[in-house]
Every structure is written in C-alpha cells, then in structure tokens.
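Below is one structure, written out as structure tokens; comments come after it.
The values are calculated or read from the model by the stated rules, or taken from the named source; none is laboratory data. Worth saying up front: this structure is predicted, and the values here are computed from it rather than measured. Neighbour counts are summed over all protein chains in view; Cβ atoms, including those assigned to glycine, are modelled from backbone coordinates with ideal geometry.
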Amino acid sequence: MRKIIHVDMDSFFASVEQRDFPQYRRKPLVVGGNSPRAVVAAASYEARKYGIHSAMPMARALQKCPHLIITPHRSAVYKEVSEHIQAIFHEYTDLVEPLSLDEAYLDVTEPKKGLPSASLIAKEIKNEIRKRENLIASAGVSYNKFLAKIASDMDKPDGFYLIKPDDAEAFLKDLKIGLFFGVGKKTEAKMHQLGIFKGEDLKRLTLPELMRYFGKNGRYFYDVVRGIDERPVLPSRVRKSIGAERTYQTDIYDLGHVEIKLAEVVDVMWERSLAKKKQGRTVTLKLRYANFVTITRSHSQNRPFTKAEILSTLMALLPHDAIRQNGVRLLGATMTNFYDEDQTLPRQLKIDF
C-alpha cells in the first residue's frame with residue numbers, strides 16, 4: 001500500500017505578494033491586471049471573505065471590495081519560489097509529481113530520510129516551507145492520489161488531513177459530490193438531477209449506469225467512490241499541449257484586425273514550441289465573442305505543422321460572419337498531438353518470394 005501526500009500552497013501568488021510587501025499583509029489583495037477586461041489570478045484569504053475568487057472579473061471584484069489591493073503578476077518570482085519548494089519535496093522523495101507551481105503529489109512509501117510515516121513527513125514539509133519560505137501550505141495524506149487530493153482541501157488554510165485506509169469508505173459515503181475531485185459544476189448539476197448528492201448515492205449506481213450517464217468518466221467515478229485509484233505518482237509529466245491566448249481591451253469586429261491579432265498569438269505559441277522542442281500535428285483555434293460565448297475549432301494532419309501552416313490553417317478556421325456580428329474579446333491558439341522524432345514510423349514489409 002502506497003503512502004501519498006498532496007501538498008497545496010495556500011493562496012500562493014497572493015501569499016507571496018503579502019510576504020514580500022509587508023504593507024499588503026492582513027489586507028484584501030488580488031493578483032491580476034488593472035484593465036477593464038482583467039480577471040483575478042489569485043485572491044488572498046482576506047479578499048475571499050468578500051466573495052472574491054480566482055477567474056472573477058476584476059471589475060466585479062472591485063464592486064465587492066472597493067478598497068481591494070491589485071498587484072501585477074510576477075511570474076518569475078512565483079516560479080523561483082516554486083522551485084525552492086520543489087527542492088524541499090525532493091529531500092524526502094524522488095517521486096514528486098508537480099501539478100502546477102503551487103501543488104504536487106509525493107509518494108513517500110519509501111522516504112529518503114526520516115521515519116516511514118507519511119503524516120510526520122507531511123508535517124515536516126509544511127514546517128520547512130514555513131521556515132524557509134515564510135509561506136503556508138496545506139497537506140493531505142492517504143493511500144492514493146484521489147484521496148490525498150481531497151484531504152488537502154479539507155482543512156484549509158494551513159491544513160493537515162489524513163484519510164486512513166480503514167476510514168476511506170465512511171469518509172467517501174458522507175462526502176458531498178461537489179467535493180469529489182473531477183466533479184465540476186456541470187457534472188455536479190447533472191448528478192443532482194440523477195439524485196446523486198453524496199458518495200453513498202454515487203455508489204448505488206452500477207458501472208453500466210455510470211458509463212451510460214458519464215461516458216468514460218463513469219469508470220473513474222465507479223472506482224474512486226470505492227476508494228480505488230491506482231494512478232502512480234509520475235516524477236515527469238509529459239506536456240500534452242502548448243498554446244497562447246490574449247484578451248483584448250475592446251471588442252474587435254474587423255476581420256483584418258482579428259487576423260493581425262491572431263498572428264501575434266501564433267508568434268507567442270510558436271516561440272514556446274521552439275523552446276520546448278515540440279512539433280504538433282493538431283492546431284486549435286479558440287475564440288471568445290463579446291457576449292462571452294466561446295468556440296474552438298481544430299484541424300489535424302499526419303505531419304508536424306510549420307509556422308506558416310499553423311497561421312494559414314487558423315485563419316481558415318475563423319468564423320468570418322460571426323466575428324463581424326458578435327465581435328471578438330479573446331483569441332487563442334493551441335498545438336497538440338506532438339510528433340516524436342524517436343517514434344518508429346510504419347513501414348511497408350518486403351516479402352521474399
């Protein structure tokens with residue numbers, strides 16, 4: 001049986017700002033832009049008391065809290081701090097799977113140092129992060145990734161929560177379905193329509209029923225409500241997509257202007273792909289209209305796209321009439337289905353007659 005820890009930094013970006021700038025401490029603060037189209041990237045716990053959360057339009061956040069402090073996003077600083085925290089993780093295990101800058105899974109079944117107790121290691125890591133980085137983390141501990149992830153959210157901020165193997169069934173039975181990792185707002189609403197409000201309700205459904213209602217996710221729900229999650233902690237996560245997107249201050253109705261802006265987005269995506277040495281065989285256009293309706297359109301081919309091909313393909317995918325009618329507030333481009341230079345390509349067999 002494995003021993004898994006999920007560490008989640010509490011309000012990471014906002015906490016770094018409050019750490020570095022004493023005048024921001026114990027005050028409602030968000031990280032994000034100041035423009036009319038800006039959104040909240042992160043909110044301090046003081047800001048959350050006003051109902052402010054990440055992805056909220058900044059204008060709405062200011063309505064909720066007129067004296068809100070807005071600080072710009074300092075990507076390089078957050079990345080550096082994240083690397084320091086990752087270094088702490090690696091002192092205890094080489095099996096570290098980062099999910100983002102502020103959270104990661106750790107498999108400490110066989111730790112590199114200390115006692116073989118996941119609970120003690122999790123508490124040590126929290127203390128080391130506080131001591132070295134002056135930041136607060138929450139940690140969840142269990143025997144698989146699903147339960148450890150849920151556990152880390154149970155006692156925030158500065159939380160610690162343990163779900164033992166013998167307690168998992170009772171814990172999941174009473175857990176609200178919206179707290180299940182992998183259940184988003186739309187899935188939660190659908191489950192409520194089916195009479196599923198807690199884990200015990202979900203567990204009553206058979207596998208065929210869940211597959212019928214939720215497709216391939218039905219198998220996932222069938223397993224996790226029974227405490228089953230065999231996914232290993234993977235030290236290296238393979239990047240599956242590279243993209244870029246931009247939100248504009250004013251809506252764009254002119255098709256020529258849209259094409260210029262899309263070319264700029266493709267430039268950013270292409271530079272990122274070169275830096276990662278990745279070549280994609282599928283490109284996707286993302287477009288959000290002024291009325292917030294978002295569409296995506298994709299095109300694939302059996303060889304990697306060149307930059308010129310990406311641009312011409314995405315241009316061809318633009319919905320001309322809809323743009324003129326609705327206007328554009330966001331454009332995005334994504335590259336997926338990466339080509340592996342080391343892969344063995346199919347070859348025609350030669351038969352010796």
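Each row is one residue, and each column tells you yes or no for (1) part of a loop (DSSP other than H, G, I, E, B); (2) over 22 Å from the mean Cα position of the chain (by Cα); (3) closer than 24 Å to E97 by Cα.
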residue	(1), (2), (3)
S138	no, no, yes
V141	no, no, yes
A189	no, no, no
L210	no, yes, no
Y222	no, yes, no
Exercise for review: Search the stretch 8-51 for residues being of a type in the set (S, T, Y) and more than 19 Å from the chain's Cα centre (by Cα), and hand back the single one that is modelled with the lowest pLDDT.
Suggested key: S35
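Each row is one residue, and each column tells you yes or no for (1) under 21 Å from G159 (Cα atoms); (2) touching a residue at least 12 places away in the same chain (Cβ under 8 Å); (3) not charged (D, E, K, R).
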| site | (1), (2), (3) |
| --- | --- |
| R2 | no, yes, no |
| H6 | yes, yes, yes |
| F12 | yes, yes, yes |
| V16 | yes, yes, yes |
| P36 | no, yes, yes |
| V39 | no, yes, yes |
| I88 | yes, yes, yes |
Practice item. Identify the residue in the stretch 195-208 that is outside any helix (DSSP H, G or I) and surrounded by 14 or more Cβ atoms within 10 Å (Cβ to Cβ) and, among all such residues, is farthest from the chain's Cα centre (by Cα). Key: L205
Review point. Taking only pairs six or more apart or across chains, which ones have beta-carbon atoms under 6 Å, a first residue in the stretch 311-340 that is more than 27 Å from K277 (Cα to Cα), and a second residue that is part of a strand (DSSP E or B) and charged (D, E, K, R)?
Key: G327/D251; R329/D251; R329/R288
Review point. Looking at the stretch 35-86, which of its residues are of a type in the set (S, T, Y) and either under 23 Å from L135 (Cβ atoms) or touching a Gly at 6+ places or on another chain (Cβ under 8 Å) (or both)?
Key: S44, Y45, Y50, S54, T71, S75, Y78, S82
Practice item. Consider F181 carefully, then state whether it is closer than 17 Å to L147 by Cα, part of a helix (DSSP H, G or I) and either of a type in the set (A, V, I, L, M, F, W, C) or modelled with pLDDT of 95 or more (or both). Key: no
Revision key, fill the gap. The condition from (1) among the aliphatic types (A, V, I, L, M); (2) closer than 27 Å to L330 by Cα; (3) free of Cβ contacts under 8 Å to residues at least 60 places away in the same chain that V77 misses is numbered (3)
**Study point:** Unique match (being more than 30 Å from E110 (Cα to Cα), touching a residue at least 24 places away in the same chain (Cβ under 8 Å) and outside the structural domain of T296 (by TED's automatic domain parsing)) among L179, L202, L172
**Key:** L202
Exercise for review: Check whether at least one residue in the stretch 303-322 is touching a strand residue (DSSP E or B) at 6+ places or on another chain (Cβ under 7 Å) and of a type in the set (D, E, K, R), and report yes or no.
Suggested key: yes
Study note, to complete from the structure: The lone condition I163 fails out of (1) of a type in the set (V, I, T); (2) more than 28 Å from D102 (Cβ to Cβ); (3) surrounded by 14 or more Cβ atoms within 10 Å (Cβ to Cβ) is (2)
Point to revise | Hits in the stretch 264-312 (condition: hydrophobic (A, V, I, L, M, F, W, C) and outside any helix (DSSP H, G or I)) | key: V283, L285, L287, A290, F292, V293, I295, F305
Review point. Is it fair to say T336 is closer than 30 Å to T247 by Cβ and at pLDDT below 95?
Key: yes
Study note, to complete from the structure: The one condition T247 fails out of (1) at pLDDT 95 or above; (2) closer than 30 Å to A316 by Cβ is (1)
Review point. Filter the stretch 44-102 for residues that are crowded, with 18+ Cβ neighbours inside 10 Å and small (G, A, S); which is farthest from K145 (Cα to Cα)?
Key: A61
Practice item. Answer yes or no as to whether T306 is polar (S, T, N, Q) and closer than 27 Å to V39 by Cβ. Key: no
Exercise for review: Give me a count of the residues in the stretch 213-263 that are under 22 Å from T336 (Cβ atoms), in contact with a helix residue (DSSP H, G or I) (Cβ under 9 Å, 6 or more places away or on another chain) and surrounded by 13 or more Cβ atoms within 10 Å (Cβ to Cβ).
Suggested key: 9
Check your understanding: Out of curiosity, is I228 assigned to a strand (DSSP E or B) and of a type in the set (A, V, I, L, M, F, W, C)?
Key -> no
